[in-house]
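First up is the structure itself, then whatever we jot down about it.
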Amino acid sequence: MPRPTVAQLAYGASTVIFSTLAMLLLSQTGSGVGIAVIALAALALGLLVAMTVPTQRGTRQEAAGTAPEGERVPTAL
């Protein structure tokens, strides 16, 4: 499993923090069970956001369709 990037960590952490605050303020819960459910939901949402952040898939040369220097590119006949 690849390591998460800085962008994935930042998006996931900010999602957890802001969604927890929003859900606590909107639900106005005071019970321990309600707070635990909200915290678990926020963690799940943060994980979902972190895993769906697009990652860089290659170098600029690969994205442009050119091969690195010294590498042969097969041609179709």
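The values are calculated or read from the model by the stated rules, or taken from the named source; none is laboratory data. No experiment lies behind these values; they were computed from the predicted model shown. Every residue, glycine as well, gets a Cβ built from its backbone with ideal geometry; the counts of neighbours run over all protein chains shown.
Quick one: which helices (runs of 4 or more DSSP H) lie wholly within the chain and hold at least 1 residues that are on the phi > 0 side of the Ramachandran plot and at pLDDT 70 or above?
Filter on the chain gives an empty set.
So in the range 28-43, with the set limited to residues that are free of Cβ contacts under 8 Å to residues at least 24 places away in the same chain and surrounded by 12 or more Cβ atoms within 10 Å (Cβ to Cβ), which one is farthest from the chain's Cα centre (by Cα)?
Thr29
Restricting to the range 12-27, name every residue that is hydroxyl-bearing (Ser, Thr, Tyr) and buried (at least 18 other Cβ atoms within 10 Å of the Cβ).
Correct list: Thr15, Ser19, Thr20.
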